[in-house]
């Protein structure tokens, strides 16, 4: 069983910028941000950054991380690996493949990417897999099995900030399963004016929160396409502290630590005028949750104050000012480094350190 804890014994120490938009590259005209990450078959560390072109159209790139004296300092670009070239990633007025999170799942021998497919009905979570970080097989949008006790269909709602756990866990029904964090958005009025906010049974707070779903491991081993069939949905955590007053959402893949599962997340304050437009009146800060190692739907500790908040000029000024948005975590020589979006414009890195 996981030991009882009351604090999150970690901190983030910013180290600098690792990626800025390339001058003259139209694919990066509106920023590089919010990367996934992974180790390639060559053992090299790569980022998969979101590249934003003019008109706010996003693609996913590949960039090898350059490490000096054990610290990530810059990248070498190696092209684009995912573009919005499927019908469900392109709408009449919008298009994009956004905010990739990438988890290496040893039990499958695959990198699993979740990303936001910005298509005709707005943002939906989609899944792709790869053995080498370069060639990605799309599996399509995530599909939520109906769960009677929730009295709603989760497929109706936009969903973002999804990320897989790196190891199988025990699902609520006692089976071995893969687990994924996600963040439903309950306001149907965003796409169907007049429908308003529709909450699942038992949920009273309409602010966007972190949920967990499960996928039976044996089903995925039988056919990897089953990675998009999510079930056994559970609420995990909602806004609780001042830096999360508007909403919270997941970040990098959960990290197994002695206390359980460490989940870095973002908390948002301010005012959101339109969920589908770039925001100018918000503040994004990074916090942390500790989830039970045996039951990752259960929070055992969380940070009342942010571990990282917008303080530097690069975090406070950009396409969307006042944003730190963690999306990737990697180990280098026994040290953990977190990669994060800076004001939706650049990519920074911070070291994750224990405080005990």
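Under a GNM of the chain (C-alpha, springs under 10 Å), which listed residue has the highest mean-square fluctuation: 206, 333, 161?
333
Which residue fluctuates most in the GNM of the chain (Cα springs below 10 Å): 219, 171, 285?
Evaluated over the chain, the most mobile residue of the options is 219.
Give the distance, in whole Å, between the Cα centre of region 66-80 and the Cα centre of region 89-142.
Measuring centre to centre over Cα atoms gives 23 Å.
Once every DSSP H run of n ≥ 4 in the chain is given -39500 (n - 2.57) and the sum is divided by its residues, what mean residue ellipticity at 222 nm do you get, rounded to the nearest 500 deg cm²/dmol? Working shown, then result.
Numbers: 2 runs with 10 residues, N = 356.
Calculated at 222 nm, the ellipticity per residue is -500 deg cm²/dmol.
Taking 45 Å as R0, compute the FRET efficiency from the Cβ-Cβ separation of residue 333 and residue 137 and round it to 0.05.
That pair, residue 333 with residue 137, gives E of 0.90.
Which percentage, to the nearest 5, of the DSSP beta bridges contained in region 10-351 is antiparallel? All intermediate terms of the calculation are to be shown ahead of the outcome.
Values: 100 of 104 bridges.
Within region 10-351, antiparallel bridges account for around 95 percent of the total.
Bear in mind these aren't lab numbers, they're just calculated from the coordinates by the rules spelled out. In this text, all values refer to a predicted model and were calculated from it rather than measured experimentally. Reconstructed Cβ throughout: ideal geometry from the backbone, glycine too, with neighbour counts over all protein chains shown.
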